[in-house]
Amino acid sequence: MLNGGTATGAPTLSVGDLGREVRFFVETLGAKLVDLAGDHAQIDLGDDFVVTLTTAAGKTTPITFFTRGDFEETLGVYENRGIAFTREGAAAASFVDRDGNRLRIAAKS
């Protein structure tokens, strides 16, 4: 349901519980686990857009994911999976993950 994304610099999210966040990205968002080793995991969100999840303290990169298919339908699926969105106009919405990272989903133009 996601197809790529954008980030300023290397897309990285600092997380408290790596296993929990990997499950969230894979099971809830439908991403693919690329690598899991030590204190980091790499998650493919489609179109070769890979995000690193790490337990190392550091700055989180602002990340926007793009939807594949109908934007409203995609939001509806994720809302049914428990994600609460803040709407940002007709073609974008954001949510906060369990670690306080604000993530944005937008329709791909």
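The numbers here are math on the coordinates, done by the rules we state, and not lab data. What you see is a predicted model, and the numbers here were worked out from it, not measured in a lab. So basically every Cβ, Gly included, is an ideal-geometry build from the backbone, and we count neighbours across all protein chains shown.
General observations
- Taking each residue as 0.36 nm, the span from N3 to T86 lengthens on full extension beyond its C-alpha to C-alpha distance by 27.9 nm.
- Relative contact order for the chain, counting Cα pairs under 8 Å that sit 6 or more residues apart, in percent: 30 percent
- Within the range 2-107, the ratio Rg/Rh, alpha carbon atoms throughout and Rh by Kirkwood, equals 0.93.
- With a cut-off of 12 Å between beta carbons, the residues surrounding R68 carry a summed charge of -2, where Lys and Arg count +1 and Asp and Glu -1.
- The DSSP beta bridges internal to the range 2-107 are antiparallel in roughly 70% of cases.
- Taking 7 Å steps out from each Cα toward its Cβ at R20 and V34 produces label points 2.5 nm apart.
- Simple spin-label estimate for D48 and K108 gives 1.4 nm between the two label positions (7 Å along the Cα-to-Cβ direction from each Cα).
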